Structures are given as C-alpha cells and as structure tokens.
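Here the structure is laid out as structure tokens; the discussion comes afterwards.
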Amino acid sequence: MTTLTYPFSESAVRELRAGDAVALSGKVWTGRDRLHKFLAEGHAAPVSLRDGAIYHCGPVMMEAPEGWRTVAAGPTTSSRENPYMPRIIAEHGVRVIIGKGGMNAATQAACARFGCVYLQAVGGTAALIARHVTRVTNVYFLNEFGAAEAMWELNVTGMPLTVGIDAQGGNLYEAVAAASRKRLEELLS
C-alpha cells in the first residue's frame, strides 16, 4: 500500500498506477454538484485547492460543542461531475479526486495532462470511512449550498482507496471491463 500525504505532489501522484492501493492522509475538501458547477463557472474557491484533493461526498455531520463531527462520509457517484472536472483540475491544480464509479475520457485526459489521479472509495462504507476523519477543520458555503452540498474541509488519516484512473492514462474500470468481456467470450464459446 502506498502512503499519500497532503500536499499531494505531482511526482508522487505520477508514480501511482491504476489498481494500486493507497492510504491517504491530510486535508481533503468535499464537493458535490453545486460546488463543481460554481468552480467551473470561474468563481474562486474559498481556499487554494492546489496540490489538494476533492472528495465527491456529501457527508453526514453532527454539530457538537467541540465543533463538527463526521457521522458518515461515503463517496457519491463521480460521473455527475464529468462536465466540470477537467476545468477544475486545470485551473485549480487539484491532484487527487476521490469518489466512486470512475469518470469519463475528458477527465482521464486532464488527469494525464496535469498530473492528477482518481481514487476509488468503496461505496456503502460511509460509517467506516468516517472513522478515518480525524477532524473537521472548516466548512464553506454551508448557508448557500446546504449541508450535503457544502465544501467541508476534513483532515483524514490512512483513508483506504484504490487508484481507479492514474496520471499515465491507465484506467482500472476499462481494464476490468475488457477482462470481463474477454472472460464472457470464453464462457460463451
């Protein structure tokens, strides 16, 4: 397993290959549809995302006396962000995208061009992933976007992920689909 720690350098990201297991630590910012559209329309992010990670997640948060606590932090389907992701990668210097289900060819090309990776989080494990959130540092756009669509700044430790799309053009989803088609053809012949 490869350890990846914020800030995520281009050289560290470019060493990863589709299928590699990653333990991610450091700052991660959540973002869903409203945030991606906002950023892609040219609005400024409230913090620098350069060498950072965007997690496609609408976490369940609980306000406590000591601050926010993460109850659940499962990935949301990343394909909804395909119209925005290439521009966000290029303009904001994002190095890591976290989500589920993969992304399209345009995002894959942006990952290869600018040195970014797409990391797959396991769907259905929201409570388990929340255990890797050690602190909620801040929240942006809570009033404007609502809790699920807000941009939450999380500190995570050892978040287990798998490289789905690497910065070399490798795509685990395409590899699995090709192997499945081949195996199906073998079974049917």
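The values are calculated or read from the model by the stated rules, or taken from the named source; none is laboratory data. Computed from a prediction, not measured in an experiment: that's the story for all the values here. Every residue, glycine among them, receives a Cβ derived from its backbone with ideal geometry; neighbour counts consider all protein chains shown. Side chains are part of the model used for accessible areas, which takes the heavy atoms of the whole protein and leaves out ligands, DNA and RNA. Shrake-Rupley method; radii C 1.70, N 1.55, O 1.52, S 1.80 Å.
Report the antiparallel proportion of the DSSP beta bridges in the stretch 40-125 as a percent, rounded to a multiple of 5. Counting DSSP beta bridges with both partners in the stretch 40-125, the antiparallel share is about 45 percent.
What is the antiparallel percent of DSSP beta bridges lying wholly in the chain, to the nearest 5?
So the antiparallel bridges amount to about 65 percent of the total.
Annotation: peptides 167-175, 47-55, ranked by per-residue average of other Cβ atoms within 10 Å with the highest first, follow the order 47-55, 167-175.
Dividing the convex hull volume of the alpha carbon atoms of the chain by its residue count gives 115 Å³ per residue.
What FRET efficiency comes out for the pair residue 179/residue 11, r = Cβ-Cβ distance, R0 = 22 Å, nearest 0.05?
Numbers: r = 30 Å, r/R0 = 1.36.
Once the sixth-power term is evaluated, E becomes 0.15.
For the chain, the 222 nm mean residue ellipticity estimated from helices alone, with every DSSP H stretch of n ≥ 4 adding -39500 (n - 2.57) and the total spread over all residues, rounds to -8500 deg cm²/dmol.
Applying 1/(1 + (r/R0)^6) with R0 = 25 Å to the Cβ-Cβ distance of residue 34 and residue 1 gives a FRET efficiency near 0.15. Extension gain, residue 77-residue 188: 0.36 nm per intervening residue step, less the Cα-Cα distance, totals 36.8 nm. Charged side chains reduced to their Cβ positions (Lys and Arg at +1, Asp and Glu at -1) give the stretch 1-71 a dipole of some 100 debye around its Cα centre.
Accessible surface calculations at 1.4 Å, restricted to protein heavy atoms, place the chain at 47 Å² per residue.
Dipole magnitude for the stretch 76-189: about 200 debye, using +1 per Lys or Arg Cβ and -1 per Asp or Glu Cβ, origin at the Cα centre. In the stretch 74-189, taking the dipole from charged Cβ atoms about the Cα centre, the farthest positive-side position among 164, 96, 188 is held by 188.
If you roll a 1.4 Å probe over the chain with all protein chains in place, what percent of the accessible area is carbon or sulfur? Here it works out to 53 percent.
Cα convex hull, the stretch 64-132: 106 Å³ per residue, rounded to a whole number. Close amide-amide hydrogen proximity is noted between residue 135 and 155, each under 5 Å apart and 5 or more residues distant or on a separate chain (H modeled in the peptide plane; Pro and chain starts excluded).
Among 156, 28, 176, the largest mean-square fluctuation in a Gaussian network model of the chain (Cα springs under 10 Å) belongs to 176. The Rg/Rh ratio for the stretch 18-101 is 0.98, where Rg is the radius of gyration of the alpha carbons and Rh is the Kirkwood radius.
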